[in-house]
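Here, each number is a calculation from the coordinates, and none is a lab measurement. Only a predicted model underlies this, so the values are computations on that prediction, with no experimental measurement involved. Don't worry about glycine lacking a Cβ; one is built from the backbone with ideal geometry, like all the others, and counts go over all protein chains shown.
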Ligand code: FAD
């Protein structure tokens, strides 16, 4: 029937934005209903962050089993990979997490509704569970967290062999040859995983370098490692068309002005993501959008309608899970009347490449543009005992401080475990710490964390392990 059900806080989408917002809102005493048309956990848990990291890890294990330990005197007779088992294991990881999230939602008394939400006015959504069934929900406040989907290039329409990241994560075989269109972090991560699993991989990037979101010094390290591992990287390369046969696909591209063709089992198109904001009825209820289809929000994630909030990939800023979750908490707290506000300064950016890349706060150039008299202090992984004993010592940390008082305002890391190491510097920025605070903190020996301490000592002009 279509008698409206009255709810307190309604959340649309259960990705890392929506489910975190739901839990925080429930913790603060709101009665929460969450609507999901697909799978609990959204892109991140089902077809994004988690399965991609699982596949990357499988790639590392296989690659190490084959080559990784020769200089340590460790040889393997013959390493093999059963890809259906890899996929099974990966699905198990995803299931544990999505099941866990569902349990947490229920444990917090969040009402889960399966279906697609559409706004019929500023206090009401219609949720269709199938062609014939719909239910209207009247809400006091709403948080929209509908996420994003891969962009499709008209001349490279998705098929069985022209695939997006979701397809690439769900392949049933390891491609013999894989062409990746787009050298952003998603493309390079998946390229790395499959190269390590044995695919012959070519990356086509339109710009002059891959991983343009990171500093050149950092992306160059990844570029070199990819090439060392047999990956072909073509820059200033624009994919133009594909011709598909039953067993393969031929891609034509313009590479530095010259036409080239590439044959592959699969072409992965990874050229960015588009916000899911078109099919929600938002224009007719008066939610303001940018011309890129993003929803405009204020410091508390509130849209132009004061009872409707938007978070995650559908609003401006980096399309990342932890950003979605952070905005989700702010929105839930704002609904409860708290003074929480978004501050993007210390959002880490991470690429799970080889080596891993991570950046938080300002880069040297950004700091200067923002008017800081900034100083960059560099420390190499080569000079760290732990990195050497891990047999993984390529990379550096760059600490950005304000010259006058040593205030930590940014950091860039390229090297093993950069993804974890960046957390300490995010905290230093949040807490308003100086290089001296970081340098005076005792770090266990031998750990990669000492690199952070020593980069801070470089800032003070007093490093112990480099001259
Ligand atoms: P989503 O996770 O996209 O969830 C939105 C949900 O809303 C979906 O479940 C969808 O079904 C639902 N929905 C949409 N419309 C409706 C509707 N009308 N009614 C009901 N439900 C609806 N980020 C990182 O931080 N780290 C990583 O390592 C990382 N790796 C990634 C790897 C890949 C391959 C991809 C594709 C992405 C990766 N990301 C990563 C990005 C990350 O997945 C997204 O930033 C994140 O999922 C965004 O969260 P969200 O809550 O905004 O939306």
The percentage of Cα-Cα pairs in the range 92-139 separated by more than 14 Å is 62
Once both label points are put 7 Å beyond Cα along the C-beta direction, the residue 344-residue 316 separation in nm becomes 0.7
In whole percents, the bins of 10 Å from zero upward hold the Cα-Cα pairs of the range 350-467 as 16, 51, 30, 4, 0
Mean projected area, convex hull of alpha-carbon positions in the range 318-360, reported to one decimal in nm², is 3.2
Using alpha carbon centers only, the range 394-465 is separated from the range 122-191 by a whole-angstrom value of 37
Expressed as a percent, the portion of alpha-carbon pairs in the chain spaced more than 31 Å apart is 50
For the range 85-165, the percent of all C-alpha pairs falling in each 10 Å bin, from 0 up to the bin holding the max distance, is 13, 25, 34, 24, 4
Kirkwood Rh for the range 130-200 from C-alpha pairs, in Å, is 15.4
Over all directions, the range 288-385 yields a Cα convex hull whose mean projected area in nm² is 9.3
By the Kirkwood definition, with r running over pairs of different Cα atoms, the range 1-120 has a hydrodynamic radius in Å of 16.9
In whole angstrom, largest first, the equivalent ellipsoid semi-axes that the Cα gyration tensor gives for the range 218-327 are 39, 19, 12
Hull volume per residue for the range 107-249, using the convex hull of the C-alpha atoms, in Å³ is 216
